[in-house]
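Engineer: Attaching a single structure in structure tokens format; questions to follow.
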């Protein structure tokens, strides 16, 4: 185990974020410093601020090639979702270090290889200028997979996201819901976990494991 957090602590005040234990967020940069992450009742409550111009990103170091993230989460409303994004900010051939991601909603789950998909800098530039060739569009369709899966809003669920070699698999409430095999997932140096929230989500009992024989320095 590389890290664990049960969020059983209190903030000294309510105005600004005090997540602690090595967590960071993009609230200062993308939400004019407004508080978007709140520790309450032994859990981390994430909610986008009306002035934010980007989804909330709550970050923590997660250094491994092969690893697993376990946590509990709750989506209060049917249109809420929680993303787990893995990044390497030192890898400059993709936008913002994006390597791979899974996003869990109340009706479906998506797993995507971003490194060799939409976040590759050349691909991203072509997408932004609407110059993707039919061949490239077809290739990008292989980089993401959607799975139908219903979750009851307002209740706690368990989540386990496992990355091993080129495969990301997602287990919810002890049942494997989906997996994707793609080369970008096998990037050798995942360094950062981003919890991505477009609206609201509650997270608790986060555990980060390395499945490498020896954890990276």
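What follows draws every value from the coordinates through simple rules; no lab data is involved. Every value quoted in this text rests on a predicted model; they were computed, and no experiment measured them. Don't worry about glycine lacking a Cβ; one is built from the backbone with ideal geometry, like all the others, and counts go over all protein chains shown.
Engineer: Could you tell me how far the Cα centroid of segment 33-85 sits from the Cα centroid of segment 120-164, in Å?
Structural biologist: 19 Å
Engineer: Put one equal scatterer on each alpha carbon of the chain, apply the Debye formula with no solvent term, and list log10 I(q)/I(0) at q = 0.10, 0.12, 0.19 1/Å to two decimals.
Structural biologist: Normalising to I(0) and taking log10 leaves -0.43, -0.63, -1.54.
Engineer: Which of these, 142, 116, 189, has the largest mean-square fluctuation under a Gaussian network model of the chain (Cα springs below 10 Å)?
Structural biologist: Highest fluctuation of the listed residues: 142.
Engineer: Among 22, 186, 42, which one shows the biggest mean-square fluctuation in a GNM of the chain, springs joining Cα atoms closer than 10 Å?
Structural biologist: 22
Engineer: Under Stokes-Einstein, with the Kirkwood radius over Cα pairs standing in for Rh, what whole-number D in µm²/s applies to segment 77-189 at 25 °C and 0.890 mPa s?
Structural biologist: So the translational diffusion coefficient is about 165 µm²/s.
Engineer: Roughly how many nanometres apart are two label points built 7 Å out from the Cα toward the Cβ at residue 207 and residue 76?
Structural biologist: 2.8 nm
Engineer: Shifting gears a bit: Using the Kirkwood formula on the Cα atoms of segment 140-217, what hydrodynamic radius do you get, in angstrom to one decimal?
Structural biologist: 14.8 Å
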